[in-house]
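Below is one structure, written out as structure tokens, with a few remarks after it.
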Amino acid sequence: SLPVVAIVGRPNVGKSTIFNRLAGERIAIVEDQPGITRDRIYSRSEWNGREFHLIDTGGIEFGDTDEIMDHIRNQVELALDEADVILFVADARDGVTTTDEEVARFLHRTNKPVILMVNKVDDIKYTENVFEFYQLGFEHVIPVSSLHGTGTGDMLDAVVEHF
Ligand code: GDP
Ligand code: MG
């Protein structure tokens, strides 16, 4: 079966935007359990001839911080279960937030490779915002603009390196 790449991160960082940019054929999976809906969208994607499945684990909006954290825990559990590589998305314009730090702590509990994609670097002036993300402790920290597509090649090179 194909390697699985799971996209995780707090809301509004651009997970769905990068998913849509990279997505090929889509497969939607919704599992209803009492009290929760775990929805995932899988797609079949490829980079340099390497095929993989991509999972966008987002899609639910929450009002308060506790609910956001519950949702993120859910996402990370799914990612840990199913992923070969985790694509952790953050927002260069917001800088490192406490929620990013929380997600990073979860991800450090696994041995799975994590690529930290610092999104919304639409302009060179945001490049200096990227350096602080190294404090989250991941080897790969890659500036991307999902909007323009810049940096996505470097990001995908890092992803497929770990298959
Ligand atoms: P998600 O909640 O993590 O799935 O985030 P979305 O993909 O829904 O994006 C949240 C918002 O950020 C939307 O308004 C996107 O258009 C915007 N966005 C996503 N990627 C970029 C980017 O690279 N640059 C800018 N400027 N905005 C972006
Ligand atoms: Mg989304």
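Some observations on this one:
- Hits among lysines - C-alpha to C-alpha of residue 112 under 23 Å, sequence gap 8 or more where chains match: 15
- Packing rank of 133-139, 117-123, where each peptide gets the mean count of other beta carbons within 10 Å, highest leading: 117-123, 133-139
Since every read-out is calculated from the coordinates, none of them should be taken as a lab result. This is a predicted model, so every value here is computed, not measured. Positions of Cβ are generated from backbone atoms using ideal geometry, with glycine treated the same way; all protein chains shown enter the neighbour counts.
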